[in-house]
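Undergrad: Questions regarding the structure given below will be posed in turn.
The values are calculated or read from the model by the stated rules, or taken from the named source; none is laboratory data. Source: prediction; values computed, not measured. All Cβ positions, even for glycine, are placed from backbone atoms using ideal geometry, and neighbour counts span all protein chains on display. Each accessible area value is taken on the protein alone, full model and side chains, heavy atoms only, with ligands, DNA and RNA left out. Shrake-Rupley method; radii C 1.70, N 1.55, O 1.52, S 1.80 Å.
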Amino acid sequence: MDSILSLSKRRGFVFQSSEIYGGLNGCWDYGPLGVELLRNVKEAWWRSMTLRDDVEGVDTAILMHPRVWEASGHVAQFTDPMIDNRTSKARHRADNLIEDFIERLRKKGKNDRAAAIEARLESAMQPADFHAIITGEEIPDPVSGTTDWTEVRYFNLMFKTYVGPIADDNSAVYLRPETAQGIFVNFKNVMDAARQKPPFGIAQIGKAFRNEINTKNFLFRTREFEQMEMQYFVEPGSEDRWFEYWREQRWNWFLGYGMTSDVIRLKPHDKLAHYAKAAVDIEFQFPFGWGEVEGIHSRSDFDLGNHQQFSGKKLEYVDTVTKARYTPFVVETSVGASRSFMAFLCNAYREENVGGETRAVLKFDSRLAPVKAAVFPLVNKDGMPEKAEKIYRDLQKSFKAQYDDSGAVGRRYRRQDEIGTPFCITIDGDTLNDDTVTIRDRDTMDQVRIPSDNVKRYIAERIER
Ligand code: GAP
């Protein structure tokens, strides 16, 4: 993780937000290469979701009517239990504090005690339940080492702000904690405007905000992030089939972009919300352990039903011929763009021994790679720079390319390997005689010689699968 973090900063993938002021916890900025990778991840998802007949895209507002969040259950239930330590003033999520303690017990081989606490944590609902575990087990604060704890309180994760000049309860709105609600409230608009009927889906990519108590692990849990969500509206009774279908689609999407089945796994939820029929996470093996990147949920008519009740507007499908009507059930796929960015970055990172030296390389699927090609003149004379620049300018019209004429070619290759550029083109003495160039493959490091006129097509064929 440290190597990936340092590479991210050094090569311009990710910077700490407001770094010159000491940073803002849980917020990150994408640099020149990061923004390309993030856009490519989003584009990959968008293409897979919307280049089909039955899914439409939307881009809805971040600020929504406050009743939306009452209907969705977020005002009442989108909370985490938190506890403060009086000595260090550190604030923790009570459940995480207990989980970390269980983990430490397991490492010490105290499995029976760990299992007993885990069982209590499973059934903990009220603040007092968490408090009883923390004080009863004398769990110390990781910062001060003391057990000087406050009570446990529930804390709502939504960021509140105000519309207009008067900051009172009548003008309060929330920054959306998920993009899905913008889809639910537009269900009927989209169905009618796009002349769709169930089964059909609505996809959206956008920012979401959560005032997480503890942010951790780089981009994994942040306060501002992006989600890629798709709600698929189906006839009641057909939801199990569609749940299986989307689980397989989403699993194959990760495999299709370079993940293997030893770094991702499916994890069904142990506990289901009362309205849910099924839920499974796709987890990735991050350097710090397994973590959820995507959730696939069969949500019944909970969301549309609640919005009908709270808005008083019908959100039904009515068959024009039979006049049969129903409120569709929903199968949701919800993946973090930022979290999958991090998963793809970790998945791509390798350190390889090449001729006794370590080469750091990002083996991205070429469609995700931020830079597709780099062009090098072997030396800065004999007409090579002019030829190289011409090829570079031509490539740059179609995809992100870089030009590098400094240092030995071996070092230039290493610089490109480190940012995951799949193809490096070198213009050398032979180019000037026969108009051919070498193209070097990032993963195999093999080189082929091809006519310079074919370079663009050669690369395009390999990145536009
Ligand atoms: N609409 C359902 C929903 O929002 P979720 O499991 O809360 O479900 C879905 O979030 C995905 O959003 C997660 O799998 C994760 O990839 C991403 N996500 C959630 N909270 C996040 C956070 N604080 N930082 C980064 N990504 C987050």
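Undergrad: Residue-wise, which Karplus ³J(HN,Hα) couplings in Hz belong to region 359-375, taking 6.51 cos²θ - 1.76 cosθ + 1.60, θ = phi - 60°, and x for glycine or proline?
TA: 10, 8, 9, 9, 8, 5, 3, 4, 6, 8, 3, x, 10, 8, 8, 10, 10
Undergrad: In Å², what does the accessible area per residue of region 79-156 work out to with a 1.4 Å probe?
TA: Solvent-accessible surface per residue comes out at 56 Å².
Undergrad: Shifting gears a bit: With a/c under 1.5 counting as rounded, go ahead and sort region 79-156 into rounded, prolate or oblate using the C-alpha gyration tensor (a ≥ b ≥ c being the square roots of the eigenvalues; past the cut-off, prolate if a/b is larger than b/c, else oblate).
TA: oblate
Undergrad: Picking from I439, S366, V354, whose Cα lies most toward the positive end of the charge dipole for region 317-464 (charges on Cβ: Lys, Arg +1; Asp, Glu -1)?
TA: Farthest towards the positive end: S366.
Undergrad: Please report the accessible area of D435 (heavy atoms, 1.4 Å probe, ligands and nucleic acids excluded) in Å², nearest 10.
TA: 60
Undergrad: Pairs to check: K9/K107; K160/K207; K9/K400. Give those whose C-alpha atoms are more than 23 Å from each other in this structure.
TA: Table pairs above 23 Å Cα-Cα are K9/K107.
Undergrad: While we're on this one: Taking 21 Å as the cut-off for C-alpha to C-alpha distance, list the pairs among K108/K267; K390/K456; K216/K271 that go past it.
TA: Result: K108/K267; K216/K271 exceed 21 Å.
Undergrad: To continue, here is another question. Rounding to the nearest 20 debye, state how big the charge dipole of region 171-290 is about its Cα centre with +1 on each Lys and Arg Cβ and -1 on each Asp and Glu Cβ.
TA: Here the size comes out at about 240 debye.
Undergrad: Count the DSSP beta bridges whose two residues both fall in the chain, then state the antiparallel fraction as a percent rounded to the nearest 5. Display every interim value, and only then the final one.
TA: Numbers: 70 of 82 bridges.
That works out to approximately 85 percent antiparallel.
Undergrad: Sticking with this structure for a sec: Given +1 on the Cβ of Lys and Arg, -1 on the Cβ of Asp and Glu, and no further charges, what dipole in debye does region 286-404 carry about its Cα centre, rounded to the nearest 20?
TA: Working: 17 positive and 16 negative charges, 82 e Å.
So the dipole magnitude of region 286-404 works out to roughly 400 debye.
Undergrad: Roughly how many nanometres apart are two label points built 7 Å out from the Cα toward the Cβ at K277 and E151?
TA: Taking the two extended label points, one gets 4.2 nm.
Undergrad: Could you report the accessible area of W242 in Å², rounded to 10, computed with a 1.4 Å probe on the protein chains as they sit in the structure?
TA: W242 has an accessible surface of roughly 40 Å² with all protein chains in place.
Undergrad: In addition: Just to make sure I understand: if all protein chains stay in place, what is the order of C424, C27 by accessible area at 1.4 Å, largest first?
TA: The most accessible residue leads, giving C27, C424.
Undergrad: While we're here: Kindly express, to the nearest 10 degrees and within the range 0 to 90, the angle between helix 409-419's C-alpha long axis and the longest C-alpha principal axis of the chain.
TA: The answer is roughly 20 degrees.
Undergrad: Separate question: Please state the shape class of region 138-208: rounded when a/c is under 1.5, otherwise prolate if a/b exceeds b/c and oblate if not, all from the C-alpha gyration tensor.
TA: Here region 138-208 falls in the oblate category.
Undergrad: Taking the Cα centre of the chain as the origin and placing charges on Cβ (Lys, Arg +1; Asp, Glu -1), which of A44, M259, A388 is farthest toward the positive end of the dipole?
TA: A388
Undergrad: Counting Lys and Arg as +1 and Asp and Glu as -1, each charge on the Cβ, what is the dipole of region 79-156 about the Cα centre in debye, to the nearest 20?
TA: Charge dipole of region 79-156: 240 debye, to the nearest 20.
Undergrad: Sorted by accessible area with a 1.4 angstrom probe, largest first, how do T320, T426, T135 fall?
TA: Output order, biggest surface exposure first: T320, T135, T426.
Undergrad: Here's a follow-up. Skipping prolines and chain starts, which residues have an amide H placed within reach, meaning under 5 Å, of the one on A90, given they are 5 or more residues away or on another chain?
TA: Under 5 Å from the amide H of A90 lie the amide H atoms of N85, each far enough along the sequence or on another chain.
Undergrad: Over the heavy atoms of E316, what accessible area does a 1.4 Å probe trace out, to the nearest 10 Å²?
TA: 30
Undergrad: Residues with amide H under 5 Å of F159's amide H, sequence separation 5 or more or different chain, H placed in the peptide plane at 1.01 Å from N; which?
TA: L175, N211
Undergrad: Between beta-carbons, use under 9 Å as the cut-off and find the net charge around F15, counting Lys and Arg +1, Asp and Glu -1.
TA: Values: positive: K9; negative: E19, D29.
Combined, the nearby Lys, Arg, Asp and Glu give -1.
Undergrad: Just for region 371-463, what percent of DSSP beta bridges are antiparallel, to the closest 5?
TA: 55
Undergrad: Test of understanding: extend the Cα→C-beta vector of Y162 to 7 Å, then name every residue of region 59-82 with backbone N under 20 Å from that spot.
TA: Answer for region 59-82: 63-67.
Undergrad: Here is a follow-up. Pull out a ≥ b ≥ c, the square roots of the eigenvalues of the alpha-carbon gyration tensor of region 22-75, then state rounded if a/c is under 1.5, prolate if not and a/b is larger than b/c, and oblate in the remaining case.
TA: On the way: a/c = 3.24, a/b = 1.07, b/c = 3.03.
Oblate, because a/c is 1.5 or more while a/b does not exceed b/c.
Undergrad: In sequence order, what are the phi-derived ³J(HN,Hα) couplings for region 271-287 according to the Karplus relation 6.51 cos²θ - 1.76 cosθ + 1.60 with θ = phi - 60°, rounded to whole Hz, with x for glycine and proline?
TA: Once θ is set to phi - 60°, the couplings for region 271-287 become 10, 10, 4, 4, 8, 7, 9, 6, 7, 9, 9, 9, 10, 10, 8, 6, x Hz.
Undergrad: Taking the Cα atoms only, what angle lies between the long axis of helix 111-123 and the longest principal axis of the chain, rounded to 10 degrees?
TA: 70
Undergrad: Then there is this: Convert 37 °C to kelvin, take the viscosity as 0.692 mPa s, use the Kirkwood radius over C-alpha pairs of the chain as Rh, and evaluate the Stokes-Einstein diffusion coefficient in µm²/s, rounded to a whole number.
TA: My calculation gives 130 µm²/s for D.
Undergrad: When only C-alpha pairs under 8 Å and at least 6 residues apart count, what is the relative contact order of the chain, in percent?
TA: 13
Undergrad: Please list, in chain and number order, the residues 5+ apart from A374 or on another chain whose amide H is under 5 Å from its amide H, with Hs placed from the backbone.
TA: Q402, F423, C424, I425
Undergrad: While we're on this one: On C-alpha positions alone, give me the angle between the axis of helix 337-348 and the longest principal axis of the chain, in degrees, nearest 10.
TA: So the helix axis and the longest Cα principal axis differ by about 50 degrees.
Undergrad: Would you calculate a helix-derived [θ] at 222 nm for the chain, using -39,500 (n - 2.57) for each DSSP H run of n ≥ 4 and dividing by the full residue count, to the nearest 500?
TA: The per-residue figure over the chain is -10500 deg cm²/dmol.
Undergrad: State the Cα centre-to-centre distance between region 270-319 and region 395-465 in whole Å.
TA: 45
Undergrad: Let me ask you something else. Select from S311, S340, V330 the residue farthest towards the positive end of the dipole of region 287-358; place +1 on Cβ of Lys and Arg, -1 on Cβ of Asp and Glu, and compute about the Cα centre.
TA: Ranked along the dipole, the leading option is S311.
Undergrad: Show E178, E461, E99 ordered by accessible area, largest first, where the area counts protein heavy atoms only and the probe is 1.4 Å.
TA: I get E461, E99, E178, largest accessible area first.
Undergrad: Please list, in order along region 165-180, the HN-Hα scalar couplings obtained from phi with the Karplus expression 6.51 cos²θ - 1.76 cosθ + 1.60 (θ = phi - 60°), rounded to whole Hz, x for Gly and Pro.
TA: After applying 6.51 cos²θ - 1.76 cosθ + 1.60, I find x, 9, 8, 9, 4, 6, 9, 6, 9, 10, 6, 4, x, 7, 7, 4 Hz.
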